[in-house]
Amino acid sequence: MTARRTVATSADTADTTAAQAPARVGYGELLRTPGAWTFLSPALVARLPYAMLSMGILLLVTQTHGSYGTAGTVTAVAAVSQALIGPQTGRLADRYGQAAVLVPTVLVHAASVGALIVLALGHAPAWSLFLAAVPAGASVPQIGAMVRARWVARFTADGPTESSAARVSTAFAFESVTDEFTFVIGPILASGIAALANPAAALVAEAALTLVGGLAFAAQRRTAPARILPQPGTKRASALASPGVRLLAGTFLGVGAVFGGMQVSVNAFADSVGQHDAGGTVYGIFAGGSMLAGVLYGVIAWRRPVQQRMLMSYTLLVLGCSTLWAMPNLVALTVAGLVCGLAIAPTLISGYTLVETLVADGAKTEAFTWLTGAIGLGLAVGSMAAGKLIDGHGPSTGFLVPLIGAGLGLVVLASLRHLLVARGAAKDSVPDSAAGAADGFVERELVGAAKG
């Protein structure tokens, strides 16, 4: 009898463990989703220029005006414009549809970048470059946010389930890897074109890819999320009305400062040691570390609540940034940058995972765009601050910007992380282990953080 009870207990335990094991969805299953490649392919073309724009502006203005400070400021103006206007285009896309917003946006972008090139080559005053950078940055298409909105619409059409949540989680990991892939290839491509031809040619390529990819993506209407109009007599609330969204946007400012400070500082450091063309490669390896971490993040069935994962990865980001300023040569800087990059993608994936739980369906594109815009704004401030430090105190001082930006972001995240619990999640009684299967998209996963 005892033996039978032991066997029965063991079987029950095994069944319970299997039932509580986190759901896992592989990249292969994700990419076999019907219709996925019809929007993923043009989206990749349209997203690739995102990292080319800042690098192209930086190289072109540095060449024509001879100042990292001016180049960093022009880059910052474009990034600030993107950060402020991007969420508004995301909101319009939620209301009127993605195609209705994308088509005019990419046309304006191509024209604005062309004007910036002409002014820079004509050695126009710096103020005119700032003016041209405003529409160039404001018209950057929010492809990444729109792709994420398509994944959410595709997998949650029948309501949130553990299966759909696991698929969305894997999709967000895939999108983060794609973002980082563009940050690997974009700077290298821009630097390579600039070396083979000139920096102006790099920006021409950026505008052309944005135009072609954006129009092709807009043409894929079948996979676009449905428009969700507000009820008559009601006003659509902004995604930024959520305290959790504001907190995530604030922490993503720190991540953007890492990107901006790294871009300017790596190029200045490479130039100071006589290897100017290596700047794009070093920055690409930094982004490559993030891409590798993103791939691994997406294949792990996580048990810890997503809030804890974000806090851990952000802490690692600060630790990685703390060594950059002390690197004695380009090889050491490359290794340090790779280590620092390993914390980027897990932080971004966690943030996008959390923001999806904090807003209603009709505001998801806007919410994703606020996070993307926050990165752009942080990049702007980081680029400008690093450029000023480099002009005044040398290239190594520019690496203090990533450290300070990430450090401030960590303080904010650690202090206010209770805001990242979705409304009503604390009342749910589902165990944390089952919540882990949803990876942050079903509110049950948030119980662990609410209790902690």
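The values are calculated or read from the model by the stated rules, or taken from the named source; none is laboratory data. Note that the structure is a prediction, hence the values are computed from the model and not measured. A quick note on method: Cβ atoms are made from the backbone with ideal geometry, for glycine too, and the neighbour counts reach across all protein chains shown. These accessible areas exclude ligands, DNA and RNA; they are computed on the full protein's heavy atoms, side chains included. Shrake-Rupley method; radii C 1.70, N 1.55, O 1.52, S 1.80 Å.
Going through the range 259-284 one residue at a time, which ones are in a helix (DSSP H, G or I) and surrounded by fewer than 18 Cβ atoms within 10 Å (Cβ to Cβ)?
Those that are in a helix (DSSP H, G or I) and surrounded by fewer than 18 Cβ atoms within 10 Å (Cβ to Cβ): ASP271, SER272, HIS276, ASP277.
Take GLY66 and tell me if it is closer than 30 Å to SER396 by Cβ and either without any contact (Cβ under 8 Å) to a residue 40 or more places away in the chain or of a type in the set (Lys, Arg) (or both).
Spelling it out, GLY66 is indeed closer than 30 Å to SER396 by Cβ and either without any contact (Cβ under 8 Å) to a residue 40 or more places away in the chain or of a type in the set (Lys, Arg) (or both).
On the given criteria, is ALA124 open to solvent by less than 20 Å² (accessible area, probe 1.4 Å), at pLDDT 90 or above and not in a helix (DSSP H, G or I)?
It is true that ALA124 is open to solvent by less than 20 Å² (accessible area, probe 1.4 Å), at pLDDT 90 or above and not in a helix (DSSP H, G or I).
If you take the residues in the range 247-274 that are hydroxyl-bearing (Ser, Thr, Tyr) and farther than 12 Å from VAL401 by Cα, which one is modelled with the lowest pLDDT?
SER272
Quick one: in the range 133-148, of everything that is open to solvent by 10 Å² or more (accessible area, probe 1.4 Å) and part of a helix (DSSP H, G or I), which residue is modelled with the lowest pLDDT?
Across the range 133-148, the extreme among qualifying residues is GLY144.
Tally the residues that are open to solvent by 20 Å² or more (accessible area, probe 1.4 Å) and under 18 Å from the mean Cα position of the chain (by Cα), restricting the search to the range 43-75.
Number of matching residues: 4.
Residues are listed down the side, and each one gets a yes or a no for (1) of a type outside the set (S, T, N, Q); (2) more than 16 Å from the chain's Cα centre (by Cα); (3) over 27 Å from TRP302 (Cβ atoms); (4) surrounded by fewer than 24 Cβ atoms within 10 Å (Cβ to Cβ):
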site	(1), (2), (3), (4)
CYS321	yes, yes, no, no
LEU324	yes, yes, yes, no
PRO328	yes, yes, yes, yes
LYS388	yes, yes, yes, yes
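Inside the range 360-373, can you point out the residues that are open to solvent by 10 Å² or more (accessible area, probe 1.4 Å) and modelled with pLDDT of 80 or more?
Residues satisfying the conditions are TRP370, THR372.
Could you check, for the range 76-83, whether at least one of its residues is within 24 Å of GLY260 (Cα to Cα), modelled with pLDDT of 85 or more, open to solvent by 10 Å² or more (accessible area, probe 1.4 Å) and part of a helix (DSSP H, G or I)?
Yes; the residues of the range 76-83 include at least one that is within 24 Å of GLY260 (Cα to Cα), modelled with pLDDT of 85 or more, open to solvent by 10 Å² or more (accessible area, probe 1.4 Å) and part of a helix (DSSP H, G or I).
List the pairs whose first member sits in the range 112-128 and is closer than 14 Å to VAL74 by Cα, whose second member is not in a helix (DSSP H, G or I), and whose Cβ atoms are under 6 Å apart, counting only residues at least 6 apart or on separate chains?
From residues that are closer than 14 Å to VAL74 by Cα, the pairs are SER112/SER139.
Could you list all residues from the range 90-105 that are under 18 Å from THR223 (Cβ atoms) and assigned to a helix (DSSP H, G or I)?
Scanning the range 90-105 gives GLY90, ALA93, ASP94, TYR96, GLN98, ALA99, ALA100, VAL101, LEU102, VAL103.
Checking VAL108 against (1) within 30 Å of GLY398 (Cα to Cα); (2) open to solvent by 20 Å² or more (accessible area, probe 1.4 Å); (3) not in a loop (DSSP other than H, G, I, E, B), which single condition isn't satisfied?
(1)
Does the range 296-316 contain any residue that is in contact with a Pro (Cβ under 8 Å, 6 or more places away or on another chain), in a loop (DSSP other than H, G, I, E, B), open to solvent by less than 60 Å² (accessible area, probe 1.4 Å) and among the aliphatic types (A, V, I, L, M)?
Within the range 296-316 (the criterion being in contact with a Pro (Cβ under 8 Å, 6 or more places away or on another chain), in a loop (DSSP other than H, G, I, E, B), open to solvent by less than 60 Å² (accessible area, probe 1.4 Å) and among the aliphatic types (A, V, I, L, M)), the answer is yes, since at least one residue qualifies.
Among the listed residues LEU420, LEU354, LEU408, identify the single one that is modelled with pLDDT of 85 or more and open to solvent by 50 Å² or more (accessible area, probe 1.4 Å).
Result: LEU408 is the single residue among LEU420, LEU354, LEU408 that is modelled with pLDDT of 85 or more and open to solvent by 50 Å² or more (accessible area, probe 1.4 Å).
Test LEU53 against the stated conditions and say whether it is among the hydrophobic types (A, V, I, L, M, F, W, C), assigned to a helix (DSSP H, G or I), under 30 Å from ALA380 (Cβ atoms) and modelled with pLDDT of 80 or more.
When the stated conditions are applied, LEU53 passes them.
Looking at the range 331-350, is at least one residue part of a loop (DSSP other than H, G, I, E, B) and surrounded by fewer than 23 Cβ atoms within 10 Å (Cβ to Cβ)?
Yes: one or more hits.
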